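The values are calculated or read from the model by the stated rules, or taken from the named source; none is laboratory data. Please read all numbers here as calculations on a predicted model, not as lab measurements. Using ideal geometry, Cβ is built from the backbone for each residue, glycine included, and neighbour counts are taken over all protein chains shown.
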Amino acid sequence: METAAYTVDREEFFRTLVEKSDSGALRGDYSKADAQYVVEQEWHAYTPEQHALWRRLYERQARLVPGRACQEFITSLATLDAADGIPQFERTSDALEKATGWRLVAVPGLVPDHTFFEHLAARRFPVTVWLREPHEFDYIVEPDVFHDFFGHVPLLFNPIVADHLQQYGLGGLKALKLGGLKNLARLYWYTIEFGLIQSPQGLRAYGAGILSSGGEIEYCLTSQNPRRIAFDAERVMRTLYKIDSYQETYFVIRDFQQLFDETAPDFTPLYSRLSHEEGLPANTLLPGEVNIATDQ
Ligand code: PHE
Ligand code: CO
């Protein structure tokens, strides 16, 4: 990438981030990031208090996943050996690379869309280096290392999810050119972040935003408030979402192969069809749609 283009992109990125953030300041330290926004994890700089906070987060969440997370997540989490403190990304990457060819890269926080897509397209998953503060134990808006690692990394060991996410990255680069970003972002939100799956054992969560949350992991499966609708790629890409409350709708896949297959077709015609649509409210239930019952 040319230096000039990179500088312009970077300024634009910081402007949009500052607009989005309440404090008007960025949380991460971007001063040492390279052109791909990659930093050193600096694992030795984490304090004993930060490792202790991680252990508390991990313990609570690990207690909640049985019966709520899909089996692929649970099995993989157990092999990660991440219960005792903030993990060293390099070590996880070596295991992950053997399993599915993915590696983790350390980033200061949110990165620009095209950078994010480029990492995914190259089978690199960006993981934020900083950990939340103790008072943010239950809730945090921006993704931190606990969300990124605990929520996302286990399913990167699944070959179908691993391939899907790479395709998503390639699709993202394409969507940027076609004006489809807002539609494609909704797909990520309602699947990779907040997706449910109808597993052989019953309804389970696979989305990272759910699996790293102390409250939503139970809410998404048992509350009578939200809608639970069978996954349909176009329906998802038409649907608005809320980032600061529990979801009003969850979309349910049958298995990861369905997610892969239904996102494989060329989205070009879809983006042009949807480009003038404002988006369906997050709590929409269209005529003919079935609200899937909870097992509990
Ligand atoms: N099939 C999509 C396209 O043509 C790319 C994509 C694949 C998007 C997988 C999301 C997930 O743009
Ligand atoms: Co996430």
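In the set (1) farther than 25 Å from TYR58 by Cβ; (2) among the aromatic types (Phe, Trp, Tyr); (3) in a loop (DSSP other than H, G, I, E, B), PHE260 fails one condition alone, (3). When you scan the stretch 49-66, do you find a residue that is free of Cβ contacts under 8 Å to residues at least 60 places away in the same chain, within 17 Å of ILE197 (Cα to Cα) and outside any helix (DSSP H, G or I), even just one? Taking every residue of the stretch 49-66 in turn, at least one turns out to be free of Cβ contacts under 8 Å to residues at least 60 places away in the same chain, within 17 Å of ILE197 (Cα to Cα) and outside any helix (DSSP H, G or I).
Identify all residues within the stretch 163-181 that are within 16 Å of ligand 2 (Cβ to nearest atom) and either of a type in the set (S, T, N, Q) or more than 13 Å from PHE125 (Cβ to Cβ) (or both); write none if there are none. Matches in the stretch 163-181: GLY172 only. Would you point out the residue of the stretch 225-243, among those that are over 15 Å from the mean Cα position of the chain (by Cα) and touching a residue at least 60 places away in the same chain (Cβ under 8 Å), that is surrounded by the fewest Cβ atoms within 10 Å (Cβ to Cβ)? The residue in question is ALA230. Counting only residues that are touching a residue at least 40 places away in the same chain (Cβ under 8 Å) and in a loop (DSSP other than H, G, I, E, B), the stretch 244-257 holds 4 of them. Restrict the check to the stretch 106-126 and report whether at least one residue is within 27 Å of THR47 (Cα to Cα), surrounded by fewer than 17 Cβ atoms within 10 Å (Cβ to Cβ) and touching a helix residue (DSSP H, G or I) at 6+ places or on another chain (Cβ under 9 Å). Scanning the stretch 106-126 turns up no residue that is within 27 Å of THR47 (Cα to Cα), surrounded by fewer than 17 Cβ atoms within 10 Å (Cβ to Cβ) and touching a helix residue (DSSP H, G or I) at 6+ places or on another chain (Cβ under 9 Å). Given the residues ASP138, ASP144, which is the only one that is charged (D, E, K, R) and buried (at least 17 other Cβ atoms within 10 Å of the Cβ)? Selected residue: ASP144, the only one of ASP138, ASP144 that is charged (D, E, K, R) and buried (at least 17 other Cβ atoms within 10 Å of the Cβ).
Within the bounds of the stretch 259-273, is there any residue that is closer than 26 Å to VAL153 by Cα and either in contact with a Pro (Cβ under 7 Å, 6 or more places away or on another chain) or β-branched (Val, Ile, Thr) (or both)? Within the stretch 259-273 (the criterion being closer than 26 Å to VAL153 by Cα and either in contact with a Pro (Cβ under 7 Å, 6 or more places away or on another chain) or β-branched (Val, Ile, Thr) (or both)), the answer is yes, since at least one residue qualifies. Criterion first (crowded, with 19+ Cβ neighbours inside 10 Å, charged (D, E, K, R) and modelled with pLDDT of 95 or more) does GLU248 satisfy it? Taking the combined requirement at face value, the residue does not satisfy it. For first residues located in the stretch 184-197 and touching a residue at least 12 places away in the same chain (Cβ under 8 Å), partners that are away from ligand 1 (no atom under 12 Å from the Cβ) and small (Gly, Ala, Ser) and lie 6+ apart or on another chain with Cβ distances below 6 Å form the pairs GLU193/GLY207; GLU193/ALA208; GLU193/GLY209; PHE194/GLY207; PHE194/GLY209; GLY195/GLY207; LEU196/ALA205. Taking the criterion of being part of a helix (DSSP H, G or I), more than 16 Å from ligand 2 (Cβ to nearest atom) and within 19 Å of ALA69 (Cα to Cα), the residues of the stretch 125-161 that qualify are PRO159, ILE160. The residue that is farthest from ligand 2 (Cβ to nearest atom), among those in the stretch 188-211 that are surrounded by fewer than 24 Cβ atoms within 10 Å (Cβ to Cβ) and more than 10 Å from the chain's Cα centre (by Cα), is PRO200. Taken together, ALA45, ALA62 contain a single residue that is small (Gly, Ala, Ser) and under 19 Å from the mean Cα position of the chain (by Cα), which is ALA62.
What do you reckon, is LYS182 of a type outside the set (S, T, N, Q) and near ligand 1 (Cβ under 10 Å from one of its atoms)? So LYS182 does not fit the description; no.
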